[in-house]
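Let me begin by presenting the structure, written as structure tokens, before commenting on it.
The values are calculated or read from the model by the stated rules, or taken from the named source; none is laboratory data. What you see is a predicted model, and the numbers here were worked out from it, not measured in a lab. Please note: Cβ atoms are built from the backbone with ideal geometry, for glycine as well, and neighbour counts cover all protein chains shown.
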């Protein structure tokens, strides 16, 4: 970059790039009475990287650039020295602040990652297992237990939840209920969730939504109905369930709910021994017929052709 006029001295500034930073060399051509002086100020590597033309007579090197500045006026030289010094100091301070902010951000991110528990957003499909609930007339005291299996998951725990105690012929029965893990365990249980094992105390609940049915007139009839289940279980390392859980899992499943161990007391009344929810695998999606596949492919082709016509249509 050359500046030459009567009122403006010619300037020449040399810039060289290093691995991380570079230095700016300002050479000043003084009158004959003064000797040639050089000014060296640290400068960021990216400065003038695009606008600097190669210096005359210098060998071409990859990544190197030069900007020559001739100064023959002492006041201009002093002003340039002050300006370059201020720019270098301000740039160095800004770079230092940015590095410090980046380090603090990374440190905070790593700290947060270390405190985040396992959270399984997608529901774990329970494909087999049972949840058995006791009845006051069964002669068996709770807690009863339940076992859930599916997707590298095995959860077993006790519960004090009770089922339906008795039903009458011709009445409408709804077996929908919420089952919670026992809070009175003195030791943790080993649970497996998505392949990871935890020794924990469980908390949370399973919500069963059963289809109501009419109780048959005789004990030989069907006392079963379909259900769907959704719920959330969390595992804690301490008995008080304080602090962050080691994991939180969303569960989902479906199956058949049944009243078992029935006893006919006469007059169309039945005592129930237990309410049992039995899980079953999810039904397999049917394979599309060839005609359906042909229609699907034709629809996709028609849509692609329409988009192409719109793209090439003159505006």
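Looking only at region 143-153, decide whether some residue is at pLDDT 95 or above and in a strand (DSSP E or B). Yes: one or more hits. Every condition in (1) in a loop (DSSP other than H, G, I, E, B); (2) more than 21 Å from residue 136 (Cα to Cα); (3) at pLDDT 90 or above is met by residue 284 except one, and the failing one is (3). Counting the residues of region 197-213 that are touching a residue at least 40 places away in the same chain (Cβ under 8 Å) and exposed (fewer than 14 other Cβ atoms within 10 Å of the Cβ) gives 1. Among the residues of region 228-264, the ones that are crowded, with 18+ Cβ neighbours inside 10 Å and either under 28 Å from residue 201 (Cβ atoms) or within 35 Å of the chain's Cα centre (by Cα) (or both) come to 16 in all.
Only one of the numbered conditions (1) modelled with pLDDT under 95; (2) in contact with a strand residue (DSSP E or B) (Cβ under 8 Å, 6 or more places away or on another chain); (3) at negative phi is not met by residue 103, and that is (2). All conditions but one from (1) surrounded by 11 or more Cβ atoms within 10 Å (Cβ to Cβ); (2) farther than 29 Å from residue 202 by Cα; (3) modelled with pLDDT of 90 or more apply to residue 267; the one that does not is (1). For the structure I just gave you, tell me whether residue 152 is assigned by TED's automatic domain parsing to the domain that holds residue 207 and on the phi > 0 side of the Ramachandran plot. Spelling it out, residue 152 is indeed assigned by TED's automatic domain parsing to the domain that holds residue 207 and on the phi > 0 side of the Ramachandran plot.
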